[in-house]
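One structure below.
Bear in mind these aren't lab numbers, they're just calculated from the coordinates by the rules spelled out. All figures in this text were calculated on a predicted structure; none of them were measured in a lab. So basically every Cβ, Gly included, is an ideal-geometry build from the backbone, and we count neighbours across all protein chains shown.
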Amino acid sequence: MSIEERDRRDGGGEPRKCENGEEPDRREEASGSGEPDQFTTESVTVEGSSETDASQVPTVPPGFRCGFVAIVGEPNVGKSTLTNRLLRERLSIVTDKPQTTRRKTLGILNAEGYQAVLLDTPGLMAPRYELHQAMLREAREALVDADVVLFLVEPDTRVDVPAAVRESGGRRFLVLNKVDLVTRKDDLLPMLTAWNDTGVFEELVPISALEGHGTSALLDLIVPRLPEGPPFYPVDELAIQPERFFVGEIIRERIFERFEKEIPYATEVTVEEFHERPGAKDYIEAWIHVEQPSQKAILIGADGAAIRGLGEDARGMIEEFLGRPVYLSLRVRVTPKWRKRPDALRRFGYRG
Ligand SMILES: Nc1nc2c(ncn2[C@@H]2O[C@H](COP(=O)(O)OP(=O)(O)OP(=O)(O)O)[C@@H](O)[C@H]2O)c(=O)[nH]1
Ligand SMILES: [Mg+2]
């Protein structure tokens, strides 16, 4: 199957609710500063392929459960870490910096007797510009769709339930994450009691998403709350968003890891080309958009060293994710004030 076919299938199979793996609108070229600089990296061979056949949907036994589980909370509380832990796959990007996740990311947890569609979301926060508004829309949409809402918090945070969580129609759980950081376990009970006193949650579950403590117990509480019904997606699928979405996310993650201060936040990644080539590795061309020429200079680095390092790092992770070797070409271009511009955000695939 070609990448185009796979992406069409990944993005096109209409789920009962939510998500369609939208492509950015290429007709709306964001303004730049002349030709972008291009950098390429050689690839290494990685064996194996993760290709699956979407048509193989087995018959559903009686009592099968399927539903959407929204994972929401403030930035950096561990939503993506929990998503990956429950999926047992590294699907969502994770960094130690807040506001890493910018779009709703679907992960499909398939197990005997149920399919839980996990919705990892951007952090709930006070929006400062258009990009934040778009991120909040993604999180709120997930809440509308959810059968179960996991509201993640860290220890010792102020007890405050956002209206969007309070008003969501799903079954609400308070998930106290990062309990590995709490040295005196006696401190947990008062924290959980304070959250319980809000009267919003039907379960309160302490976990460590990082270490995997409490996460199977959490799943055991989630599954009975999913409605009975057939699976929404083929039961051998992990994700429905197109491969190019995850490729862009991996590049963004590596930027968050490798660059400091405002650079990760002023950066967006679009995958402009992604195709198979007869007798050669898949070709991927991604553009890294920044807001100012000074940021472009930092990303490129002296003699292109920074972007070469980024390209090699990202290519390795992309190959691991896709299970096949790729040729990655990175370009950097300046799109002034893109975080505040609805036209640029649309071009980058955010919905208005
Ligand atoms: N100690 C500890 N750290 C954790 C735990 N879960 C997540 N982290 C760390 O917290 C940081 C943020 O994790 P993410 O999963 O990216 O958090 P997020 O809520 O998805 O963040 P945004 O996407 O930015 O909103 C990372 O450094 C994680 O390793 C945990 O249970 N214990
Ligand atoms: Mg995240």
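Before moving on, here are some points about what is shown:
- Search result, residues across the stretch 163-193 that are more than 18 Å from residue 74 (Cα to Cα) and surrounded by 12 or more Cβ atoms within 10 Å (Cβ to Cβ): 170, 171, 180, 182, 187, 188
- Any hit, the stretch 319-330, residues being closer than 22 Å to residue 261 by Cα, surrounded by fewer than 21 Cβ atoms within 10 Å (Cβ to Cβ) and out of contact with any Gly (no Cβ under 8 Å at 6 or more places or on another chain): no
- Within the stretch 289-316, tally of residues that are assigned to a helix (DSSP H, G or I), touching a residue at least 12 places away in the same chain (Cβ under 8 Å) and of a type in the set (A, V, I, L, M): 7
- Among the residues of the stretch 90-129, those that are of a type in the set (A, V, I, L, M, F, W, C), more than 18 Å from residue 256 (Cβ to Cβ) and either in contact with a Lys or Arg (Cβ under 8 Å, 6 or more places away or on another chain) or more than 9 Å from ligand 1 (Cβ to nearest atom) (or both) comprise 106, 108, 109, 111, 116, 117, 118, 119, 126.
- Looking across the stretch 122-163, the residues that are under 20 Å from the mean Cα position of the chain (by Cα) and among the β-branched types (Val, Ile, Thr) come down to 144, 148, 149, 153.
- For the stretch 60-78, a residue qualifies if it is of a type outside the set (A, V, I, L, M, F, W, C) and in contact (Cβ under 8 Å) with a residue 24 or more places away in the chain, and the qualifying residues are 61, 63, 65, 67, 73, 74, 75, 76, 78.
- Where a residue in the stretch 326-342 is within 14 Å of residue 293 (Cβ to Cβ) and its partner, wherever it lies, is among the charged types (D, E, K, R) and assigned to a helix (DSSP H, G or I), with Cβ under 6 Å and at least six apart: 332/296; 334/296
- Restricting attention to the stretch 120-135, the residues being touching a residue at least 60 places away in the same chain (Cβ under 8 Å) and assigned to a loop (DSSP other than H, G, I, E, B) number 1.
- The stretch 101-122 - residue that is over 19 Å from residue 242 (Cα atoms) and out of contact with any Leu (no Cβ under 9 Å at 6 or more places or on another chain) and, of those, surrounded by the fewest Cβ atoms within 10 Å (Cβ to Cβ): 112
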